Each structure stands twice: as structure tokens, then as C-alpha cells.
């Protein structure tokens, strides 16, 4: 599978994307749910940077796409943390 480059032209998104992808990779490689939850907390912190961006413009498609992606990632992190509480 070929990895596509992000088409969102925003320096904040580009910087956070590198960090978020690294955390996501660590979540995927970790076997136990407690370890996944620890990384999910990191993911929440990094995603919050995007969701609280001071330059957000609701009329800009890049901003809308960034927030959509960040929201999906936040929900994923929330689910992992809830799963850890059930374990």
C-alpha cells in the first residue's frame, strides 16, 4: 500500500500529523490494552492541538477537513481509553 501525502496545507496540521502518526503506530504495535490507553492519552493531547487551533476558519476547507480528521482520532482515542477501563 502506498502512503499518500497529506493535502491539507497548514503548518500546524503538517507538524501534528507527524506526531499523531507516530503515536498511532505505537498504539497499533502495542498488544495490551493498558499500553494502548497510555498512548491514547498522548493522542488526545496531540489532537487537542488541532481542535483548539487559534487559526481555525470554518469557511476554509482545509480547516474543516483537519477538524474532521482530528475529531475521528479523538473518538478513537476515547474508545481505547474506555476499553482499558473495562479490562
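Summary table below
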quantity: Count of the range 21-35 residues which are under 20 Å from residue 87 (Cβ atoms) and exposed (fewer than 13 other Cβ atoms within 10 Å of the Cβ); calculated: 5
quantity: Which numbered condition residue 8 misses (of (1) assigned to a loop (DSSP other than H, G, I, E, B); (2) under 24 Å from residue 83 (Cβ atoms); (3) in contact with a helix residue (DSSP H, G or I) (Cβ under 6 Å, 6 or more places away or on another chain)); calculated: (2)
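Matching residues to (1) touching a residue at least 60 places away in the same chain (Cβ under 8 Å); (2) out of contact with any strand residue (DSSP E or B) (no Cβ under 8 Å at 6 or more places or on another chain); (3) crowded, with 16+ Cβ neighbours inside 10 Å; (4) outside any helix (DSSP H, G or I):
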site	(1), (2), (3), (4)
15	no, yes, no, no
19	no, yes, no, no
37	no, yes, yes, no
41	no, yes, no, no
55	no, yes, no, yes
64	no, yes, no, no
73	no, yes, yes, no
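No value in this document is a laboratory result; all are computed from the given coordinates. This structure is a prediction, so every number in the text was calculated from the model and none was measured. Here the Cβ is made from the backbone with ideal geometry for all residues, glycine too, and neighbour counts use every protein chain on show.
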